[in-house]
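Chemist: First the structure, which I've put down as structure tokens, then a few questions once you've had a look.
The values are calculated or read from the model by the stated rules, or taken from the named source; none is laboratory data. Given the structure is predicted, the values throughout are model-derived calculations rather than measurements. Neighbour counts are summed over all protein chains in view; Cβ atoms, including those assigned to glycine, are modelled from backbone coordinates with ideal geometry.
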């Protein structure tokens, strides 16, 4: 990933974490956007998101020690794995964001009904949309971290199989 794209990703990650933290902070005020029953789930989501953000920013699962492995394969070009790792991360982020957004929206559908009963439908709809957005942000972050782990595992297995095939070819020749 290029430096500018990585910088944008870090800023988006920070903004998403700040947004979820803001919703969590508002839970103990009269401006709470989620039902009180969702507060423990929101705490778990916040902690999981912080852990996933730490993994994503740490640089784990990227090209750290792969140059030696690439030389064992007989080449120094390493443009095969990076786009595939990025695809794993992106796919995980999209899948996690969609699934978590749907779950959070389903779990908090009652806030729209509560808004209707209070006569403030707009506030109920805003709270519902906030829940869906919090779910999307949290799910996308967790999905990106899961995609990073899956990409790392795939790359490790693929490199190991390539090395085995190379060893088999060189021993049979």
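Chemist: Please specify each residue of the stretch 53-64 satisfying the condition of being loosely packed, with under 15 Cβ neighbours inside 10 Å and either at pLDDT 65 or above or farther than 15 Å from residue 155 by Cβ (or both).
Modeler: 54, 57, 58, 59, 60
Chemist: How many residues are assigned to a helix (DSSP H, G or I) and modelled with pLDDT of 90 or more when one looks only at the stretch 27-38?
Modeler: 0
Chemist: So, of the residues in the stretch 103-123 that are crowded, with 20+ Cβ neighbours inside 10 Å and assigned to a helix (DSSP H, G or I), which turns out to be modelled with the highest pLDDT?
Modeler: 104
Chemist: With the structure loaded, tell me whether residue 24 is farther than 25 Å from residue 90 by Cβ, in contact with a helix residue (DSSP H, G or I) (Cβ under 7 Å, 6 or more places away or on another chain) and either at pLDDT below 85 or surrounded by 12 or more Cβ atoms within 10 Å (Cβ to Cβ) (or both) or whether it fails that test.
Modeler: Yes.
Chemist: Tally up the residues in the stretch 20-45 that are more than 25 Å from residue 151 (Cβ to Cβ) and in contact (Cβ under 8 Å) with a residue 12 or more places away in the chain, please.
Modeler: 12
Chemist: So which of 144, 95, 150, 100 ends up being in contact with a helix residue (DSSP H, G or I) (Cβ under 9 Å, 6 or more places away or on another chain), at pLDDT 90 or above, more than 26 Å from residue 18 (Cβ to Cβ) and part of a helix (DSSP H, G or I)?
Modeler: None of the other options fit; the residue is 150.
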